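Q: Starting off with a structure, shown below.
The values are calculated or read from the model by the stated rules, or taken from the named source; none is laboratory data. Values in this document were obtained by computation on a predicted structure and should not be read as measured data. Every residue, glycine among them, receives a Cβ derived from its backbone with ideal geometry; neighbour counts consider all protein chains shown. To get the accessible areas, we keep the full protein, side chains included, count just its heavy atoms, and leave off ligands, DNA and RNA. Shrake-Rupley method; radii C 1.70, N 1.55, O 1.52, S 1.80 Å.
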Number of protein chains: 2
Amino acid sequence: MAENFKIQTTEDVAGLNLVKGFKVAGAACDIRNKNDMSRLDVALIVSDIPATGSGVFTTNDVKAAPVVLDIKKLEQSKTMRAIVANSGNANACTGARGMEDAENTCKIVADLIGSDPDQVLVCSTGRIGEFMPMQKLKNGISEAASKLSDSEQAAKEAALAIMTSDTRPKTVLSVVEVGGKKISVAGMAKGAGMIEPNMATMLAFIVSDAKISQPLLKKCLKTAADKTFNRITVDGDMSTNDTVLCLCNGSSQVEVSESDKDILEAFQAAITAVSRALARKIVGDGEKITKVVEVKVEGARDEAQAEKICRSIGNSLLVKSSWFGCDPNWGRLTDAAGYARTGISIDKIDLWYDGVEVLKKGQPVDANKPLWREIVAKKTFTITMNLNMGSASEAILAADLTEEYVNFNKGE
Amino acid sequence: MAENFKIQTTEDVAGLNLVKGFKVAGAACDIRNKNDMSRLDVALIVSDIPATGSGVFTTNDVKAAPVVLDIKKLEQSKTMRAIVANSGNANACTGARGMEDAENTCKIVADLIGSDPDQVLVCSTGRIGEFMPMQKLKNGISEAASKLSDSEQAAKEAALAIMTSDTRPKTVLSVVEVGGKKISVAGMAKGAGMIEPNMATMLAFIVSDAKISQPLLKKCLKTAADKTFNRITVDGDMSTNDTVLCLCNGSSQVEVSESDKDILEAFQAAITAVSRALARKIVGDGEKITKVVEVKVEGARDEAQAEKICRSIGNSLLVKSSWFGCDPNWGRLTDAAGYARTGISIDKIDLWYDGVEVLKKGQPVDANKPLWREIVAKKTFTITMNLNMGSASEAILAADLTEEYVNFNKGE
């Protein structure tokens, strides 16, 4: 398929400030109650004009108050003006008071930027089961609002303010040109990490100057998330707060609609590129990991089978431990593929580490053994398993399991 | 329900020799190819007379040759005379030759004890993807056959011969008396451990002097296994070789049938007691673990929901890491319960560590916090989560996740 657009994706740029009509800020207000005003913990993203909003959320039964609130707001399908996010407290398992706190957080922002509270989305990440220190948060939001800017510094501070155990901020910008028109999509994220160290969470915020309806944005965001944020695993644990939010304010005047396939395709490519880059950064900055491994399953009956086997392999403790140890242990891979219980036959399986054959119809290609070792010693490599049952394929990005992960997560 | 039987269960007894009409042996033949003839690696269990046999096997798509062969034999519903088992080589992912080797192993035993090869069951545990050293195995089986005995020494050697990374042999005897009649059930097992270090496997062999039909034995064994061997988790990985085999030779002359509920109930109690004790030993000797935690879910809609949540909690890396660290991290428990995605409501959940309340309708009982810490510092404790949705319950035994587990399993 020929593409009628040009796309340029840049990682580790300043951030959301690079999209017209958005202002951002980061502030510090000691949400962690550590008398530490040097650590940024409140981020604010504001669109100058009302924007189309959409989100993808954790499917955990136990959802934090901000998640429940955002889902409700986005169902009402109004335009949005802002996203407020804090690190240090997840506002999860906090009952009716947690929901009130989330609502009040939106009101605080609305008052400051002159919008309706329903036009403000809220995200939290951090400790579970503790009430939000609302006075502190209010101070932080006020400071952030006073600093709102499209400067590089402001964008950097916002990206820092959502970090918990992340070792680095995660930002990306994708610009597409199609038929002389240009759309920008920028994103920032925080990764799967423990919060002091109570909960793994990923948050991602994506903004664009595209003009798009809510139903179409919803579709584009879901398509992007399904193949990126939903195809990564660090430890197989899914949080109460996982959220991806996207705001499109139309300031480019470029309309994305079903009626212009080229523009739609270009926008989809940009939002997917931003999501993919952020997702890869999240795995690559997973807690105490040393490797990022792409697990590809090909020749499957259908995508569901391929995905199930990818996840079974990517979440196996034994597989992940052997990656850490640079051990080309194909037995653990076939074992994990088997206990996905999708109906595979070992005698049909071909397997490769990067381009090197490991199994041919289930039998090891022992001559390649020295090469296997070289590949699994690398920081990133790809495992490709062909089931030889059909033509469907899927892939996920997975991390290894290290002694340091256990040490880091074993207690407060 | 009043029980009409007396049951006595003794752990760490010599083993299978204590059941009438069975002889056992262990021998060494260097299956690991390490020039080590001091390590026992072949076990033989022989019934003097034809016995009813049944088995429970891994549901992994990738089944080792012995598993495929035993399933086929037991489907034919003949009487059995013997079980032969080896450690050091799993005979898994070995294709047509592996199947031939498994068949030949049975023939070797049959020739030596004077039975039909179809009356011999075979199990293997160890390295995956390598062919069995058949000449060595034959030597080992010959030696074992020449040493068959009902002595304590023989039983000890058999229990040692199936061990891989186990740190201790696992044996148990249960004797039930019902209406003046006595039935003995004895078992030995090897636990979930890596083999040099390629594959986790559990094997359990149970023998009894009860007289029972194959269909009824199958039912009793499945009932016992479902609540014991199928309710444990060390690392969530399921092997290609997991097998539980049971032989009943009728030498007690006590008939177990549907027509005498007291005897049936007594036999079921004994086989379940043996299975439970062995299952607990398997978790307790899990690789490099430090704790065994019982996870109970009560007040569930149905047993399937309760089981799903038990497994989600028991297999969560974050939960297991916090157990290792003696951290009473209830947030990780509710999070894992939520991502089982069975439709729970956090506002209904009550939670206890042993008898101490942690959450009441989803809200932490902070006054008990010092007590939580005491409990999770223990080597064994129970987590009870009441969903307050219905009346079903389930429980599993789970282990913690340690840095040493990762170190042990990271490579050869």
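Q: Do we have B:N230 as within 14 Å of chain A (Cβ to nearest Cβ), over 23 Å from B:F22 (Cα atoms) and surrounded by fewer than 20 Cβ atoms within 10 Å (Cβ to Cβ) here?
A: Yes; evaluated as a whole, the condition is true for this residue.
Q: Filter the range B:243-266 down to the residues that are more than 15 Å from B:C220 (Cα to Cα) and surrounded by 16 or more Cβ atoms within 10 Å (Cβ to Cβ) and list them by number.
A: Answer for the range B:243-266, where residues must be more than 15 Å from B:C220 (Cα to Cα) and surrounded by 16 or more Cβ atoms within 10 Å (Cβ to Cβ): B:T243, B:N249, B:G250, B:S251, B:S252, B:V254.
Q: As an exercise: evaluate A:I162 against (1) open to solvent by 10 Å² or more (accessible area, probe 1.4 Å); (2) closer than 27 Å to A:G411 by Cα and give the number of the one condition it does not meet.
A: The single condition A:I162 does not satisfy is (1).
Q: Still on this structure, I have one more. If you check B:D347, B:D335, B:D285, which single one turns out to be more than 10 Å from chain A (Cβ to nearest Cβ) and not polar (S, T, N, Q)?
A: Within the list B:D347, B:D335, B:D285, the selection yields B:D285.
Q: Within the range A:68-184, which helices (runs of 4 or more DSSP H) (wholly inside it) include 1 or more residues that are more than 24 Å from the chain's Cα centre (by Cα)?
A: Filter on the range A:68-184 gives A:95-113, A:134-147.
Q: Here are some residues: B:A279, B:A270, B:A224. Which one is more than 29 Å from B:A90 (Cβ to Cβ) and crowded, with 24+ Cβ neighbours inside 10 Å?
A: B:A270
Q: Which of the residues that make up the range B:295-332 are more than 10 Å from every other protein chain (Cβ to nearest Cβ), of a type in the set (A, V, I, L, M) and either in a loop (DSSP other than H, G, I, E, B) or touching a strand residue (DSSP E or B) at 6+ places or on another chain (Cβ under 7 Å) (or both)?
A: Result: B:V295, B:V297, B:A300, B:A306, B:I313.
Q: Looking at (1) within 11 Å of another protein chain (Cβ to nearest Cβ); (2) out of contact with any Leu (no Cβ under 9 Å at 6 or more places or on another chain); (3) more than 15 Å from A:I309 (Cβ to Cβ), can you tell me which one A:L387 breaks?
A: Among (1) within 11 Å of another protein chain (Cβ to nearest Cβ); (2) out of contact with any Leu (no Cβ under 9 Å at 6 or more places or on another chain); (3) more than 15 Å from A:I309 (Cβ to Cβ), A:L387 violates only (3).
Q: Just the residues that are touching a helix residue (DSSP H, G or I) at 6+ places or on another chain (Cβ under 9 Å) and either exposed (fewer than 13 other Cβ atoms within 10 Å of the Cβ) or facing chain B (nearest Cβ under 9 Å) (or both), please, taken from the range A:356-375.
A: Result: A:L359, A:K361, A:G362, A:Q363, A:P364.
Q: Name the residues in the range B:79-97 that are closer than 19 Å to A:Q363 by Cβ and either in contact with a Ser or Thr (Cβ under 9 Å, 6 or more places away or on another chain) or open to solvent by 10 Å² or more (accessible area, probe 1.4 Å) (or both), would you?
A: B:N89, B:A90, B:N91, B:A92, B:C93, B:G95, B:A96, B:R97
Q: Separate question: Quick check on B:V292: is it touching a Phe, Trp or Tyr at 6+ places or on another chain (Cβ under 8 Å), open to solvent by 10 Å² or more (accessible area, probe 1.4 Å) and touching a residue at least 12 places away in the same chain (Cβ under 8 Å)?
A: Against the criterion (touching a Phe, Trp or Tyr at 6+ places or on another chain (Cβ under 8 Å), open to solvent by 10 Å² or more (accessible area, probe 1.4 Å) and touching a residue at least 12 places away in the same chain (Cβ under 8 Å)), B:V292 does not qualify.
Q: So how many residues does the range B:385-406 have that are open to solvent by less than 60 Å² (accessible area, probe 1.4 Å) and closer than 28 Å to A:Y405 by Cβ?
A: 12
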